[in-house]
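First comes the structure, then the notes that go with it.
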Amino acid sequence: MSDFNKTGAKGGEEATGTSINRLFASSKQGLNLSPLQGGLPEGVSTLPPVTTDPYVQQWQMWHEQRLEELKAPHGYLAPASITWVANGQTQTIDDIPGAWRAENDVLTYYPESDEKQAQDAAGGHGGSEPLTVTNGREALKTPISFTPTAFGEQALAYLDYGDKRIEVNSQTDLVDQSTYRFWIRVKDPHAKTRQHFDDIDTFPIDPKWRVPAHFRRAEPDEFDIHDSVVKTVLQSYPLLGFVEFQHEGKDYSLVVSNVFGHASIFFGDPTNGRETYGIGRVLRLDELTLDELEALDFNYAYNYPCAFSSYCTCPIPSKRNTLPFAVTAGEKTPDVDTEL
């Protein structure tokens, strides 16, 4: 094998080199290979270049990514319904086959029988191959149960029905905090809110709202507990720590929570209900570099999901995360009809 490689490589190099030389010699007269003499091609604008601000460019890239996430087929512009199920209740969801039953803090989905699916197909509700709810790529033919393991809100499953996403979640009951309520949200890529959305208005980018800050870790096993826009449940997240900073010579601190693996700050300020969404906004930090945090940038404050849809269960910022000064940075209230 080694002899062949040596021989083949040498022969190949000689043959290739000869071929390239011949090709270059035969074609160079017909090609204009001379570079541009320091000028630009004809028809290209020669106006003076605009100097970009790296800080602004980074924010603009973040903003565009934010819009892409919102407008994704199963983003927060796509919710079409939300259905709550308390212990002892059974619920069905329009346009989704099967039924949902909560019993003893366990939620069970009961799919349609094969006979019912065949009837639906015969009636023109899916053709010869009727749609079924799937878990991953596996069609659900038998009941499947979901059991919460965390206090507060917990994502239990993502199911699919055609191009629709079915999100299954649990939340702690507000009155009896030893029990759970369940909710099932359907996201539809064809939702009207998604079709009519364009952009989010923001305050002008202002570097002054990038304030020096440092992060202080919380004690282990602490929780950040919130009220919710849904009055019957609590929101609770593991507490990561506190971001401490100054504004106009005064000291402030904001709680940082672990929200499904993301270091998040829910905060309110006097702009809420005026320029910004009523209950507050959110800041997300890089959880991998929290201990090296040097600044908190309010230009990246963004809206809660419930600013875009009434089918959401957002936490309300606690009093200790309500700032007394107006934060005129970040996203404003979006121009979205949540009742569509």
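The values are calculated or read from the model by the stated rules, or taken from the named source; none is laboratory data. Since we're looking at a predicted model, the values are computed, not measured. Virtual Cβ from ideal backbone geometry, glycine too; neighbours counted across all protein chains shown. Keep in mind that these areas ignore ligands, DNA and RNA; they rest on the heavy atoms of the full protein, side chains included. Shrake-Rupley method; radii C 1.70, N 1.55, O 1.52, S 1.80 Å.
For Phe151, the stated conditions hold: it is open to solvent by 70 Å² or more (accessible area, probe 1.4 Å) and farther than 30 Å from Lys71 by Cβ.
Restricting segment 147-172 to residues that are in contact (Cβ under 8 Å) with a residue 40 or more places away in the chain and hydroxyl-bearing (Ser, Thr, Tyr), the residue that is farthest from Lys231 (Cα to Cα) is Tyr161. Among the residues in segment 318-332, are any closer than 21 Å to Gly152 by Cα, assigned to a loop (DSSP other than H, G, I, E, B) and of a type outside the set (Gly, Ala, Ser)? Checked segment 318-332: no residue is closer than 21 Å to Gly152 by Cα, assigned to a loop (DSSP other than H, G, I, E, B) and of a type outside the set (Gly, Ala, Ser).
If you go through segment 231-240 one residue at a time, do you hit one that is in contact (Cβ under 8 Å) with a residue 24 or more places away in the chain, touching an Asp or Glu at 6+ places or on another chain (Cβ under 6 Å) and closer than 25 Å to Tyr76 by Cα? Scanning segment 231-240 turns up at least one residue that is in contact (Cβ under 8 Å) with a residue 24 or more places away in the chain, touching an Asp or Glu at 6+ places or on another chain (Cβ under 6 Å) and closer than 25 Å to Tyr76 by Cα.
Yes or no, residue by residue, for (1) in contact with a strand residue (DSSP E or B) (Cβ under 8 Å, 6 or more places away or on another chain); (2) open to solvent by 60 Å² or more (accessible area, probe 1.4 Å):
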position	(1), (2)
Lys231	no, yes
Asp251	yes, yes
Phe260	yes, yes
Tyr277	yes, no
Leu290	yes, no
Asn299	yes, no
Ala307	no, no
Phe325	yes, no
Lys332	yes, no
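Report yes if Gly273 is under 18 Å from the mean Cα position of the chain (by Cα) and on the phi > 0 side of the Ramachandran plot, otherwise no. Against the criterion (under 18 Å from the mean Cα position of the chain (by Cα) and on the phi > 0 side of the Ramachandran plot), Gly273 does not qualify. For segment 191-207, the criterion of a residue being part of a helix (DSSP H, G or I) and modelled with pLDDT of 90 or more is satisfied by at least one position.
Could you check, for segment 123-134, whether at least one of its residues is within 21 Å of the chain's Cα centre (by Cα) and at pLDDT 95 or above? So far as segment 123-134 goes, no, none of its residues is within 21 Å of the chain's Cα centre (by Cα) and at pLDDT 95 or above. Filtering segment 213-229 to residues that are of a type in the set (Asp, Glu) and open to solvent by 20 Å² or more (accessible area, probe 1.4 Å) leaves Glu219, Asp221, Glu222, Asp227.
Quick grid of which residues meet (1) in a strand (DSSP E or B); (2) within 23 Å of the chain's Cα centre (by Cα); (3) more than 17 Å from Arg210 (Cβ to Cβ):
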position	(1), (2), (3)
Ser253	yes, no, yes
Asn258	yes, yes, yes
Leu283	yes, yes, no
Leu288	no, yes, yes
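Each residue in segment 54-91 was checked for being open to solvent by 50 Å² or more (accessible area, probe 1.4 Å) and within 18 Å of the chain's Cα centre (by Cα), and 11 of them qualify. Are there any pairs with C-beta distances below 6 angstrom linking a residue in segment 301-323 that is touching a residue at least 12 places away in the same chain (Cβ under 8 Å) and hydroxyl-bearing (Ser, Thr, Tyr) to a residue that is open to solvent by less than 10 Å² (accessible area, probe 1.4 Å) and assigned to a loop (DSSP other than H, G, I, E, B), with the two at least 6 apart or on different chains, and if so which? These pairs meet every condition: Tyr304/Cys314.
Does at least one position in segment 227-247 carry a residue that is hydrophobic (A, V, I, L, M, F, W, C), within 22 Å of Gly330 (Cβ to Cβ) and assigned to a loop (DSSP other than H, G, I, E, B)?
For segment 227-247, residues hydrophobic (A, V, I, L, M, F, W, C), within 22 Å of Gly330 (Cβ to Cβ) and assigned to a loop (DSSP other than H, G, I, E, B): present.
The criterion of being of a type in the set (Val, Ile, Thr), surrounded by fewer than 21 Cβ atoms within 10 Å (Cβ to Cβ) and out of contact with any Phe, Trp or Tyr (no Cβ under 9 Å at 6 or more places or on another chain) holds for Thr179. For Asp188, the conditions (1) open to solvent by less than 90 Å² (accessible area, probe 1.4 Å); (2) without any contact (Cβ under 8 Å) to a residue 24 or more places away in the chain are fulfilled apart from (2).
Among the candidates Ser257, Ser318, single out the residue that is farther than 22 Å from Leu70 by Cβ and among the hydroxyl-bearing types (Ser, Thr, Tyr).
Details: Ser257 fails: farther than 22 Å from Leu70 by Cβ.
From the options Ser257, Ser318, the qualifying one is Ser318.
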